[in-house]
Amino acid sequence: MNLTTSYLGLSLNSPIVASASPLSSTLDGVRELADAHVGAIVLYSLFEEQLTLDRDSLTRLLADRGYASALVEKSESVRLAQTPLDYLKHVTAAREAVDVPIIASINGGPNPDWANYARLLEDAGASAIEVNLYFVPTDLDVTSAEVEERYVDTIAAVTDGVDIPVAVKLSPYFGNVGNVAKRLVGAGASGLVLFNRFYQPDLDIGRRAVRPALELSTSHELRLPLRWTGILRDRVEASLAVTSGVHTSDDVIKAILVGADVAMVASALLKHGPDYVETLHRGLRSWMAGEDLTSLDAVRGSLSQSRLERPEVFERAQYIRTLESAS
Ligand SMILES: Cc1cc2nc3c(=O)[nH]c(=O)nc-3n(C[C@H](O)[C@H](O)[C@H](O)COP(=O)(O)O)c2cc1C
């Protein structure tokens with residue numbers, strides 16, 4: 001049975017990819033994920049705040065890109081990558097430690113510095129880069145069009161500077177997600193990761209304070225990425241990854257049926273441990289055996305919008321039917 005999957009032009013042994021999470025922040029964690037046979041590993045992100053704090057070191061690095069290979073000599077140190085330099089070392093160490101593709105991840109708002117740092121990630125040995133554009137525009141005078149333009153410009157700058165593929169982890173909060181997706185692909189993105197999961201702050205009413213709140217996802221959150229993957233499949237020339245709510249092998253199958261090339265998993269692995277990938281693989285293989293499938297390509301996208309007889313199920317019509325079904 002063949003689980004081989006093409007994602008961002010990379011050949012993966014499995015469509016199950018470890019999404020960015022603390023599991024990949026250490027080399028031991030990276031090895032555990034590889035031993036569990038994930039198709040690829042997206043590393044825990046380097047955040048914009050870390051990048052801007054260490055701009056001087058980056059300027060020195062960029063002045064002599066050869067220095068990058070010197071500094072990324074093997075590091076067995078098992079620790080959280082805290083600075084841009086540590087992160088580059090982690091990318092190289094991870095790349096050397098395992099056979100699965102290592103996707104470096106950068107996380108922040110539209111920022112011209114990303115393009116420079118992306119070159120260093122390529123030098124450090126990343127197989128691809130995932131750019132998680134996370135930005136909450138609180139300036140009420142900034143228009144949606146301006147925000148989108150900044151996203152597109154950032155991705156154009158990043159993709160211009162590197163030869164490795166670049167995926168964009170997108171938010172669903174746009175007036176027309178499909179149009180933004182299409183323009184990001186036009187700007188050079190090889191893949192779209194749908195969707196970034198926002199952690200909304202909670203309130204502590206006793207202390208009258210805002211407090212950060214992190215909760216793991218549930219399968220219920222899969223519906224939004226499923227819908228948009230189904231809509232975008234065959235309509236943008238890019239690989240598609242589903243993230244948010246992949247917890248069971250059925251969730252992986254649903255992602256593939258709507259047209260995802262890969263299903264990314266974070267919460268489920270944090271909850272059950274990296275070995276849980278084997279459970280997902282077992283469920284996937286057992287379903288394929290029952291369906292007489294030797295590869296996933298035969299069914300990938302078979303429930304995407306463009307291949308459905310009733311494409312309106314992805315649109316507003318389904319809203320009315322869903323409400324009606326409640327009575
Ligand atoms: C504890 C934790 C840390 C995360 N760190 C990152 C990160 O560094 N970069 C990133 O792009 N996404 C990060 N994510 C988001 C995940 O990669 C994933 O997209 C999200 O959790 C939805 O997938 P899930 O439903 O499988 O958890 C993190 C998620 C969790 C739970």
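The values are calculated or read from the model by the stated rules, or taken from the named source; none is laboratory data. Treat the numbers as computed from the prediction; the structure is a model and nothing was measured. Ideal geometry is used to build each Cβ from the backbone, glycine not excepted, and the neighbour counts take in all protein chains shown. Ligands, DNA and RNA are excluded from the accessible area calculation, which covers all protein heavy atoms including side chains. Shrake-Rupley method; radii C 1.70, N 1.55, O 1.52, S 1.80 Å.
Between Val131, Val299, Val242, find the one with the highest GNM mean-square fluctuation for the chain; connect C-alpha pairs within less than 10 Å. Sorting by GNM fluctuation, first place goes to Val299. Taking amide H as placed 1.01 Å from N in the peptide plane, the amide H of Ser239 sits under 5 Å from that of Leu8, Gly191, Leu192, each at least 5 places away or on another chain. Solvent-accessible area per residue in segment 135-187 equals 50 Å², computed with a 1.4 angstrom probe and all protein chains kept. In this rough spin-label picture, where each label sits 7 Å from Cα along the Cβ direction, the Leu293-Thr248 distance is 1.6 nm. Dividing the helix sum by the residues of the chain, where each DSSP H run of 4 or more adds -39500 (n - 2.57), gives a mean residue ellipticity at 222 nm of -12500 deg cm²/dmol.
Roughly how large, in nm² to one decimal, is the mean projection of the convex hull of the alpha-carbon atoms in segment 5-326?
Details: hull surface 75.4 nm².
The orientation-averaged projected area of the Cα hull of segment 5-326 comes to 18.8 nm².
Applying both filters, DSSP loop and at most 13 other Cβ atoms within 10 Å, to the GluC sites (Glu not before Pro) of segment 180-248 gives Glu215, Glu237.
Which whole-number value in Å² is the accessible area per residue of segment 188-327, probe 1.4 Å?
On the way: 7730 Å² over 140 residues.
Result: 55 Å² per residue.
Using a probe of 1.4 angstrom, how much of the accessible area of the chain is carbon and sulfur, in percent? The C+S portion of the solvent-accessible surface of the chain is 49 percent. The DSSP beta bridges internal to segment 5-326 are antiparallel in roughly 20% of cases. Test of understanding: in a Gaussian network model of the chain with alpha carbons linked when under 10 Å, which of Asp202, Asp234, Asp86 would top the mean-square fluctuation ranking? Of Asp202, Asp234, Asp86, the Gaussian network model singles out Asp202 as fluctuating most.
Applying 1/(1 + (r/R0)^6) with R0 = 22 Å to the Cβ-Cβ distance of Thr279 and Tyr134, what FRET efficiency is obtained, to the nearest 0.05?
Numbers: r = 30 Å, r/R0 = 1.38.
Calculated value: 0.15.
Within the listed set Ser144, Ser14, Ser302, the Gaussian network model of the chain (springs between alpha-carbon atoms below 10 Å) gives the highest mean-square fluctuation for Ser144. Restricting the trypsin sites (Lys or Arg not before Pro) of segment 183-251 to loop positions (DSSP other than H, G, I, E, B) with no more than 16 neighbouring Cβ atoms within 10 Å leaves Arg207, Arg208, Arg235.
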